[in-house]
Amino acid sequence: MEHNSTVVRRPNRPLRHIATSRGGFSLAEMLIVLVIFGILAAMAAPRISLSPAKLRSASTMAGSTLLAAQRAAIARQHNVVISFDTTERRLRIHYDQNNDGQIQSAEHSYWQPLPDGVVFGRAGAPAGRAGSAAISFRGREAGLPAATFLRSGSMSEEGGFYLTTAVDRNKGYSANVRMVTVDRATGRPTWQRYEGSTWKTEF
């Protein structure tokens, strides 16, 4: 028994070009995106305030300097004097080996500057425990307000100081102000910030 098989041929069809998606972006597209992001960042930058973080860092640094001076006074068994230069925005640490309150050529002293843009002052914030002045310590060393850590670790007097930014001080703003106070008996510093209606201890 024979089977006739017929082969059916399909007409040739032109091949269709299948569109494929590209992977990634071209250099020109990337440059356009970067330019747009740059413009947006430039517009947003003036509205971003770094003052709170900068002031927190500054007050932490100043308080840590006081703690280091207190430990040095106890360890070395002589006075360590901290003086405050409001014009140059810095603290001086003086290891007063003979406890006479005078800086001798053989005695070690150094300056600790405040971060850029940070100044002594309470701007528009009300007076706190540190008093009304930018620096409330009544002692003096070389004409600057100063306080002394004694060999026992205590402070010569109770007092403190305020830190703010130059912009906030000039405009009288109160939003960005920090206060560092020192207890006379223990010599321990306390960090506070002003929160619109009251002073709040930070840590």
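The values are calculated or read from the model by the stated rules, or taken from the named source; none is laboratory data. What you see is a predicted model, and the numbers here were worked out from it, not measured in a lab. We place every Cβ from the backbone using ideal geometry, glycine too, and count neighbours over all the protein chains shown.
May I ask you to say which residue of Arg71, Arg92, Arg76 is surrounded by fewer than 18 Cβ atoms within 10 Å (Cβ to Cβ), of a type outside the set (Ser, Thr, Tyr) and within 25 Å of the chain's Cα centre (by Cα)?
Step by step, each of Arg71, Arg92, Arg76 is checked, and only Arg71 is surrounded by fewer than 18 Cβ atoms within 10 Å (Cβ to Cβ), of a type outside the set (Ser, Thr, Tyr) and within 25 Å of the chain's Cα centre (by Cα).
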Task: Which numbered condition Arg71 misses (of (1) at pLDDT below 95; (2) out of contact with any strand residue (DSSP E or B) (no Cβ under 7 Å at 6 or more places or on another chain); (3) under 25 Å from Leu55 (Cβ atoms)) - done: (1)
Task: Unmet requirement for Thr60, which otherwise passes all of (1) in a loop (DSSP other than H, G, I, E, B); (2) within 16 Å of Gln192 (Cβ to Cβ) - done: (1)
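So that you can scan it fast, the table gives a plain yes or no per residue for (1) within 30 Å of Ser105 (Cα to Cα); (2) surrounded by 15 or more Cβ atoms within 10 Å (Cβ to Cβ); (3) aromatic (Phe, Trp, Tyr):
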position: Ala146; (1), (2), (3): yes, yes, no
position: Val167; (1), (2), (3): no, no, no
position: Ala175; (1), (2), (3): no, yes, no
position: Thr190; (1), (2), (3): no, yes, no
- [ ] Enumerate the pairs (first residue in segment 57-78 and in contact (Cβ under 8 Å) with a residue 12 or more places away in the chain; second residue anywhere and buried (at least 22 other Cβ atoms within 10 Å of the Cβ) and of a type in the set (Phe, Trp, Tyr)) with beta-carbon separation below 7 Å, excluding pairs fewer than 6 apart on the same chain, so at least 6 apart or on different chains.
- [x] Ala69/Phe149; Gln70/Phe149; Ala73/Phe149
Open item on the list: So, in segment 70-102, how many residues would count as being farther than 12 Å from Leu144 by Cα and among the acidic types (Asp, Glu)?
Closed with: 2
Open item on the list: Of the conditions (1) in a loop (DSSP other than H, G, I, E, B); (2) surrounded by fewer than 16 Cβ atoms within 10 Å (Cβ to Cβ); (3) free of Cβ contacts under 8 Å to residues at least 40 places away in the same chain, Pro115 satisfies every one except a single condition; which number is it?
Closed with: (3)
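Looking at segment 130-174 only, could you name the residues that are assigned to a loop (DSSP other than H, G, I, E, B), within 24 Å of the chain's Cα centre (by Cα) and in contact (Cβ under 8 Å) with a residue 60 or more places away in the chain?
The answer is none; no residue qualifies.
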Open item on the list: Condition (residue is in contact with a helix residue (DSSP H, G or I) (Cβ under 8 Å, 6 or more places away or on another chain) and on the phi > 0 side of the Ramachandran plot) applied to segment 189-196: is it met by at least one residue?
Closed with: no
